[in-house]
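Trainee: Here it is: the structure, laid out below.
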Protein chains: 4
Amino acid sequence: MKNSMGQALTVTLFGESHGAMIGAVLDGLAPGIAVDEDRIAALLTLRRPAGRTGTARREADHFQIVSGVFEGKTTGTPLCILIPNEDAHSKDYAAVRRLARPGHADYTAYCKYHGFEDYRGGGHFSGRVTAALVAAGAIVLPALQSKGIYIGTHVRRCAGIEDRAFGDLPADVRALSEMPFAVLDTDAANRMREAIEDAAKDGDSVGGVLETAVIGMPAGVGEPWFDTVEGVLSHALFSIPAVKGVQFGAGFDLADARGSAFNDAFTMRCGEIVTRTNHGGGVNGGITNGMPILFRCMVKPTPSIYKQQDTVDFFAKENASLQIAGRHDPAILHRARIVADSVTALVLYDLLAMRIGTDWFMGEA
Amino acid sequence: MKNSMGQALTVTLFGESHGAMIGAVLDGLAPGIAVDEDRIAALLTLRRPAGRTGTARREADHFQIVSGVFEGKTTGTPLCILIPNEDAHSKDYAAVRRLARPGHADYTAYCKYHGFEDYRGGGHFSGRVTAALVAAGAIVLPALQSKGIYIGTHVRRCAGIEDRAFGDLPADVRALSEMPFAVLDTDAANRMREAIEDAAKDGDSVGGVLETAVIGMPAGVGEPWFDTVEGVLSHALFSIPAVKGVQFGAGFDLADARGSAFNDAFTMRCGEIVTRTNHGGGVNGGITNGMPILFRCMVKPTPSIYKQQDTVDFFAKENASLQIAGRHDPAILHRARIVADSVTALVLYDLLAMRIGTDWFMGEA
Amino acid sequence: MKNSMGQALTVTLFGESHGAMIGAVLDGLAPGIAVDEDRIAALLTLRRPAGRTGTARREADHFQIVSGVFEGKTTGTPLCILIPNEDAHSKDYAAVRRLARPGHADYTAYCKYHGFEDYRGGGHFSGRVTAALVAAGAIVLPALQSKGIYIGTHVRRCAGIEDRAFGDLPADVRALSEMPFAVLDTDAANRMREAIEDAAKDGDSVGGVLETAVIGMPAGVGEPWFDTVEGVLSHALFSIPAVKGVQFGAGFDLADARGSAFNDAFTMRCGEIVTRTNHGGGVNGGITNGMPILFRCMVKPTPSIYKQQDTVDFFAKENASLQIAGRHDPAILHRARIVADSVTALVLYDLLAMRIGTDWFMGEA
Amino acid sequence: MKNSMGQALTVTLFGESHGAMIGAVLDGLAPGIAVDEDRIAALLTLRRPAGRTGTARREADHFQIVSGVFEGKTTGTPLCILIPNEDAHSKDYAAVRRLARPGHADYTAYCKYHGFEDYRGGGHFSGRVTAALVAAGAIVLPALQSKGIYIGTHVRRCAGIEDRAFGDLPADVRALSEMPFAVLDTDAANRMREAIEDAAKDGDSVGGVLETAVIGMPAGVGEPWFDTVEGVLSHALFSIPAVKGVQFGAGFDLADARGSAFNDAFTMRCGEIVTRTNHGGGVNGGITNGMPILFRCMVKPTPSIYKQQDTVDFFAKENASLQIAGRHDPAILHRARIVADSVTALVLYDLLAMRIGTDWFMGEA
């Protein structure tokens, strides 16, 4: 389905970094969901680069919802949200059009689109397109919250510096929702910022690991084959630019463990069935078990660096050398985390609507 | 779409561990693909438990193709392959029907299917269903090979023992295709077997990491948003029972690296555009770049262990203790690797057919 | 998606007329639906040719449900139903393999499948495959009835003879469910049978019009664009072999009317909103309005006739003459009507499950 | 899939009659298709009401393509086309919000969207949304023509007046492409215009039948079950507001014929396999046979009439009387025909891209 995802709720993205607009269409929303434009703006701000850890490109992300909302609430018909591109310096890119930036999609886009791609600023592959994804997520996040489902992502690791593990999940998730730099431990946050600035000074970049927690998901959601919760979530998460790994629960960390150590023992707590540990990340056999859903995304270091790099001229098919100009982030994890939240929200909304029906999220008239 | 995957080629699985049959329907196959039943049987044998490292349950996996093949070749209409269940001891399971086996889907199946699920032997969640997936993969693997695309998976890590890294890929992939225990280094293989037997003696189990290489994929396949190669592959790979993490290229291993170390420099080799390293796993921006596709799956230790375990009775909603009987594998990685090959083959066939048209894989009349 | 239809409930068909088996997989069924094998057998009997108005090919349609049912009820996992082919005379067809039977799919199958198609008895295009569709419908029809939704189809017109219009719908629909020859007016039924026999004597065939009524559908189901009730139903109905037209409500009959005559005035009846007439067939703007859904399918005369016909040899690309042998129906409407019921049931089940959630049809534990 | 259609090419519509904008996203277009904005404008003009036979609402349909086009050609990434709403009189509608206009979707929208729908001017159900569909069609029509595939629709019947049948198809299709009032016979055209004006004088409306011809489609496109050419086309055609019937070839007109009269005899003509008649409408067994695809759509009379009508107040659940004000067409067939062309183009593009690959329509660099 290409640039769309979801069944009961389908999200379609469009737009290029230096085109007129980017945007998203959400089809299948329940009617009556209150749309809070301030909330959308706030989430878009969390995604935007800011301060010394971000690119110099600053866009206010003025958005417009042109359909699917009436008198402040969703109508249930497709909602289209548009974000104009305002601050694009296209000529930065024309000079290097035929040189494949390492780690970027220039060459693969050329292979796929045969030279017709809009190559400026990464075109449709640009991280800029995630603004539309965040806006889409901002529509459904409150609907999930109205059902007691909360999502929070922190930078678990960046440039070798580790944040503390999740502790009191409801408190941590709440705290993250307001943090511009989503690291739970203040000291770790400061050291990460320094490491990012150090990389920037070297004309280099860093990456790391995002960790997401979802609390409040009911048990029994997902499918045994193919549309497992892990499968559907990872499908979407790998669309976040630079994500190269996704693991649920303990994942690779406990690859060497024995079953007796890995298995999450069930037990009763306050009349509810829970597990003592959560190495499975809240999913058994592809289906939620009522525990928090926990997963991590590995985010590779930003491929745009200012160091001289070896590459090829793919028009001439010959070796070349590349010095990237323009404006680029030395790290994107702290911005990507709100994209992870949004993608997660869109996927979970869809899974719930498939199971419980499209009207489950409907607000009151 | 639940128990189906794929667009141009759709695979649908059905069956329960202790029902009459399991099977798969493949819809969208090109006409004229030669179907080699010996090949299917050979791949099913690789999936079957064998020797001291496998469960005592032995089934010959007699299969029957009941549609979509005529005079030894695919017709282009849906191919249904059936595998009868022959050796099922159903009464082993009835006694523990209300006790949630830790790490298994008993409780989540109950939440999803409200008690109507066939609970015997894991029912539709059973690893047994992967036999149908392997049979399906065995139909398309030769079609990919006829286009120069080869897939191989080895046990990269098991019980803390590491196999050597991939070296000469064409040779390694060829070697793996005939190994019953897919470990490239003989010494590592022996130590892994010992570790599995040790775990079995302790009534315990082990897991590890599978590593897959795909050679020969053309550049330009995949989509920038949502249907990225990583996203589509991981969606399917998480259906392999016990897989809890998927990473492409260097993945989590290079989470601490800087961009200058992670970026794969492009260079010319024999007139072809290649990358010097392959940290990206052959995919840039969701699209193949012509390099080998490399990924790893974390496989958790088999949840069925013979030790006493704490759990709950989910009918009574009270704590309970569980001692699993029956026949179970102390490790499944060495069997799951052929499932990983099959899933990969089905996904890549679909991506190629979407791009190049459904007849690309057609054999000669 | 080719040989599948439906979103919340997906039906996949497979099989060829002279292959080993035909069958269907239903994925997305609610758990707990009682499966009545006698009912399935009864519906299959209504589809089977019988007496002087049917072909000489008689198959008992022994079926086997091999997955997705446990202790007499659906489990919620994919249900696969198999129907072996028992009475196939393959050599009847080999002689005419290269001659395109007019009105049949021989030539188009050859164009699509490049000669790899199983040509015997129409292969995958055979009306025989509708037995699997009827079996699939027989699984969901009782689930719809448990919600008060009933479906009935009669032969509205055959060989120029008209049945009476629907009158008391609940009574008519109930009566149809037990009629082997589904014509409401006895005299019309007799004259239709005669006309069919007359055509048979002439080595010719007849067609006509089926009319279907659905009672009990709630208002508010369907989508405004693309997945209109009319669009989704017609998509499926055109799969019934020989259907070449579908119209809802008055359809083509009132093409010359003015709006003031066509519009269905709303009015209150017993506290319910109804329409006085039902020219719209129970659908406004693609969405059910709570009135009976009414539609008609034009079924062309059976293309298999015993008269000498002009055609081409598509191997040699030259003109040829064809005399069809084998066993064929002089009319199929009276058999197709149960296929129309089944297709309608599968589509409505899907629309309802998408709207209300997959568990709506769940039986009681 | 709700407001989307297509697999290889997916079209998503959004927008309400009196919202900010309507639009469409096309995902899956081949790269390199020349986008001719004058052509889009010309087709939009053919859809717009004009002269005495149209509504008084006149909008220039200024459109903007905001993504997916670079340097005048498609990039292969999603193309979003926006059409602002400029001339909406919203207060005309507020007064009658709770009264169900007969033949309209007011009541069914209320049932589906629970009162959250944008009711102004029919909201998302408005014929206005077809402007986006026509714009989408205008992108792919030239791509089809570059492959020799041409589509033309005429008003075959209106208010009981019949146009002449298609004759020399290439000439007729070419002629239709430039006609503002698409009737082949000038005398019939004049009488239809008179009949429409007569209806308008009476505050009433008329409907009729559209007939479409597609020439140049290759044989072998379509699927035997479910995704038949008839099924996929009808699915989309029923989205055209007011279409209540679709028939292929002779359809209902030959419901009384015998097989010997209905069957299209194959014969050789200039080395090509053709049929002597075309009662099957160019489709056998759901698959194109290389003959022109012929079908008709029944378009009911415009439900908006100025006569007093009985209806209900669906808030109060009581009988009411309604006098529609506002601006409305006494007939829409002559405008809908360009919508039929567009829908047909989008569907055929998709079927061809699925079969031959997404790049088949790619222009030259």
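The values are calculated or read from the model by the stated rules, or taken from the named source; none is laboratory data. In this text, all values refer to a predicted model and were calculated from it rather than measured experimentally. Every residue, glycine as well, gets a Cβ built from its backbone with ideal geometry; the counts of neighbours run over all protein chains shown.
Trainee: How many residues are touching a helix residue (DSSP H, G or I) at 6+ places or on another chain (Cβ under 9 Å), at pLDDT 95 or above and more than 25 Å from C:D253 (Cβ to Cβ) when one looks only at region D:151-196?
Mentor: Count: 4.
Trainee: Within region B:199-239, how many residues turn out to be on the phi < 0 side of the Ramachandran plot, surrounded by fewer than 24 Cβ atoms within 10 Å (Cβ to Cβ), more than 10 Å from chain A (Cβ to nearest Cβ) and touching a residue at least 24 places away in the same chain (Cβ under 8 Å)?
Mentor: Selection size over region B:199-239: 4.
Trainee: Please count how many residues of region D:100-123 are surrounded by fewer than 24 Cβ atoms within 10 Å (Cβ to Cβ) and either on the phi > 0 side of the Ramachandran plot or modelled with pLDDT of 95 or more (or both).
Mentor: 7
Each row is one residue, and each column tells you yes or no for (1) closer than 20 Å to C:P49 by Cβ; (2) charged (D, E, K, R).
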{"site": "C:E162", "(1), (2)": "no, yes"}
{"site": "C:V173", "(1), (2)": "no, no"}
{"site": "C:V183", "(1), (2)": "yes, no"}
{"site": "C:T186", "(1), (2)": "no, no"}
{"site": "C:A199", "(1), (2)": "yes, no"}
{"site": "C:V214", "(1), (2)": "no, no"}
{"site": "C:W225", "(1), (2)": "no, no"}
{"site": "C:G231", "(1), (2)": "no, no"}
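Trainee: In this structure, is B:N263 at the interface with chain A (Cβ under 7 Å from one of its Cβ atoms), in contact with a helix residue (DSSP H, G or I) (Cβ under 7 Å, 6 or more places away or on another chain), crowded, with 22+ Cβ neighbours inside 10 Å and under 30 Å from A:Q323 (Cβ atoms)?
Mentor: Details: at the interface with chain A (Cβ under 7 Å from one of its Cβ atoms): yes; in contact with a helix residue (DSSP H, G or I) (Cβ under 7 Å, 6 or more places away or on another chain): no; crowded, with 22+ Cβ neighbours inside 10 Å: yes; under 30 Å from A:Q323 (Cβ atoms): yes.
Taking the combined requirement at face value, the residue does not satisfy it.
Trainee: Given the structure, is C:V129 within 12 Å of chain D (Cβ to nearest Cβ), within 18 Å of the chain's Cα centre (by Cα), within 30 Å of C:I33 (Cα to Cα) and of a type in the set (A, V, I, L, M)?
Mentor: yes
Trainee: Can I ask one more? If you check A:I161 against the conditions, is it buried (at least 18 other Cβ atoms within 10 Å of the Cβ), touching a residue at least 12 places away in the same chain (Cβ under 8 Å) and away from chain B (no Cβ under 11 Å)? Can you show your working first?
Mentor: Details: buried (at least 18 other Cβ atoms within 10 Å of the Cβ): yes; touching a residue at least 12 places away in the same chain (Cβ under 8 Å): yes; away from chain B (no Cβ under 11 Å): no.
Judged against the criteria, A:I161 is not a match.
Trainee: Mind checking which residues of region A:294-324 are hydrophobic (A, V, I, L, M, F, W, C) and more than 26 Å from the chain's Cα centre (by Cα)?
Mentor: The initial filter retains those residues of region A:294-324 that are hydrophobic (A, V, I, L, M, F, W, C), namely A:294-295, A:297-299, A:305, A:312, A:314-316, A:320, A:322, A:324.
A:V312, A:F314, A:F315, A:A316, A:A320, A:L322 - these are the residues of region A:294-324 that are hydrophobic (A, V, I, L, M, F, W, C) and more than 26 Å from the chain's Cα centre (by Cα).
Trainee: Please give the number of the condition B:F63 fails out of (1) buried (at least 19 other Cβ atoms within 10 Å of the Cβ); (2) at pLDDT 95 or above; (3) within 11 Å of another protein chain (Cβ to nearest Cβ).
Mentor: The single condition B:F63 does not satisfy is (3).
Trainee: Modelled with pLDDT of 95 or more and more than 30 Å from C:G76 (Cα to Cα) - does that describe any residue in region A:214-228?
Mentor: no
Trainee: Pull up region C:284-300, narrow it to residues that are of a type in the set (G, A, S) and more than 29 Å from D:G285 (Cα to Cα), then point me to the one that is surrounded by the most Cβ atoms within 10 Å (Cβ to Cβ).
Mentor: So the first thing to find is which residues in region C:284-300 are of a type in the set (G, A, S), and the list is C:285-286, C:290.
Still in the list and also more than 29 Å from D:G285 (Cα to Cα): C:285, C:290.
Details: C:G285: 28, C:G290: 19.
Among those that are of a type in the set (G, A, S) and more than 29 Å from D:G285 (Cα to Cα), it is C:G285.
Trainee: Under 6 Å between Cβ atoms, at least 6 apart or on separate chains: pull out the pairs that start in region B:271-283 with a residue that is surrounded by fewer than 16 Cβ atoms within 10 Å (Cβ to Cβ) and end on any residue that is in a strand (DSSP E or B) and hydroxyl-bearing (S, T, Y).
Mentor: Within 6 Å, the pairs are B:R276/B:T267.
Trainee: Separate question: What are the residue pairs meeting all of these: first residue in region D:92-112, first residue facing chain C (nearest Cβ under 7 Å), second residue hydrophobic (A, V, I, L, M, F, W, C) and assigned to a loop (DSSP other than H, G, I, E, B), Cβ atoms under 6 Å, and 6 or more apart or on different chains?
Mentor: If the second residue must be hydrophobic (A, V, I, L, M, F, W, C) and assigned to a loop (DSSP other than H, G, I, E, B), the pairs left are D:A100/D:F314; D:P102/C:A265; D:Y107/D:A100; D:Y107/D:F314; D:C111/C:A219.
Trainee: Moving to a separate point now. Looking only at region C:241-258, how many residues end up being among the small types (G, A, S), under 22 Å from the mean Cα position of the chain (by Cα) and either within 13 Å of D:K244 (Cα to Cα) or facing chain D (nearest Cβ under 7 Å) (or both)? So that I can check it myself, show each step before the final result.
Mentor: Applying the first criterion (among the small types (G, A, S)) to region C:241-258 yields C:242, C:245, C:249-251, C:255, C:257.
Next, only the ones that are under 22 Å from the mean Cα position of the chain (by Cα) stay: C:242, C:245, C:249-251.
From what's left, either within 13 Å of D:K244 (Cα to Cα) or facing chain D (nearest Cβ under 7 Å) (or both): C:245, C:249-251.
Counting residues in region C:241-258 that are among the small types (G, A, S), under 22 Å from the mean Cα position of the chain (by Cα) and either within 13 Å of D:K244 (Cα to Cα) or facing chain D (nearest Cβ under 7 Å) (or both) gives 4.
Trainee: A further question on this structure: Every residue in region C:113-126 that is more than 20 Å from the chain's Cα centre (by Cα) and either more than 9 Å from chain D (Cβ to nearest Cβ) or among the aromatic types (F, W, Y) (or both), please.
Mentor: Within region C:113-126, the first condition is being more than 20 Å from the chain's Cα centre (by Cα), and the residues that meet it are C:113-120.
Scanning region C:113-126 gives C:Y113, C:G115, C:F116, C:E117, C:D118, C:Y119, C:R120.
Trainee: Follow-up. Give all pairs with beta carbons closer than 7 Å in which a residue from region B:59-74 that is within 23 Å of C:T12 (Cα to Cα) meets a residue that is modelled with pLDDT under 95 and part of a loop (DSSP other than H, G, I, E, B); count only pairs at least 6 apart in sequence or on separate chains.
Mentor: Filtered contacts from region B:59-74: B:K73/B:G363.
Trainee: Scanning region C:266-285 for residues that are at the interface with another protein chain (Cβ under 7 Å from one of its Cβ atoms) and not in a loop (DSSP other than H, G, I, E, B), which turns out nearest to D:G123 (Cα to Cα)?
Mentor: Residue satisfying both the conditions and the ranking: C:N284.
Trainee: Could you check region A:242-256 and list, in sequence order, the residues that are assigned to a loop (DSSP other than H, G, I, E, B) and closer than 17 Å to A:R296 by Cβ? Before you say what the answer is, go through the steps one by one.
Mentor: Initial filter on region A:242-256 (assigned to a loop (DSSP other than H, G, I, E, B)): A:242, A:249-250, A:255-256.
Scanning region A:242-256 gives A:A242, A:G249, A:A250, A:A255.
Trainee: So B:A135 passes all but one of these: (1) within 14 Å of chain A (Cβ to nearest Cβ); (2) in a helix (DSSP H, G or I). Which condition number does it fail?
Mentor: (1)
Trainee: Something else: Return the total of residues in region B:1-12 being hydrophobic (A, V, I, L, M, F, W, C) and within 7 Å of chain C (Cβ to nearest Cβ). Explain how you work it out, then say what you get.
Mentor: First pass over region B:1-12, keeping only residues hydrophobic (A, V, I, L, M, F, W, C): B:1, B:5, B:8-9, B:11.
Now narrow it down to the ones that are within 7 Å of chain C (Cβ to nearest Cβ): B:1.
So the answer is 1.
Trainee: Which one is farthest from D:Y113 (Cα to Cα), of the residues in region A:23-48 that are within 7 Å of chain D (Cβ to nearest Cβ) and buried (at least 24 other Cβ atoms within 10 Å of the Cβ)?
Mentor: Filtering region A:23-48 for residues within 7 Å of chain D (Cβ to nearest Cβ) gives A:23, A:25, A:27-28, A:31-32.
Among the residues that remain, those that are also buried (at least 24 other Cβ atoms within 10 Å of the Cβ) are: A:23, A:25, A:27-28, A:31.
Details: A:G23: 24, A:V25: 18, A:D27: 13, A:G28: 11, A:P31: 6 Å.
Going through the qualifying residues, I end up with A:G23.
Trainee: Take A:T186 and decide whether it is polar (S, T, N, Q) and under 21 Å from the mean Cα position of the chain (by Cα).
Mentor: Details: polar (S, T, N, Q): yes; under 21 Å from the mean Cα position of the chain (by Cα): no.
In short, no.
Trainee: Another question, if that's okay. Being in a helix (DSSP H, G or I), of a type outside the set (D, E, K, R) and over 14 Å from B:G222 (Cα atoms) is the filter here, so list the residues in region A:103-127 that pass it. Write out each step before concluding.
Mentor: Within region A:103-127, the first condition is being in a helix (DSSP H, G or I), and the residues that meet it are A:106-113, A:120-125, A:127.
Now narrow it down to the ones that are of a type outside the set (D, E, K, R): A:107-111, A:113, A:121-125, A:127.
Answer for region A:103-127, where residues must be in a helix (DSSP H, G or I), of a type outside the set (D, E, K, R) and over 14 Å from B:G222 (Cα atoms): A:G121, A:G122, A:G123, A:G127.
Trainee: For region D:303-358: of the residues being facing another protein chain (nearest Cβ under 7 Å) and at positive phi, which is surrounded by the fewest Cβ atoms within 10 Å (Cβ to Cβ)?
Mentor: Here the residue is D:K317.
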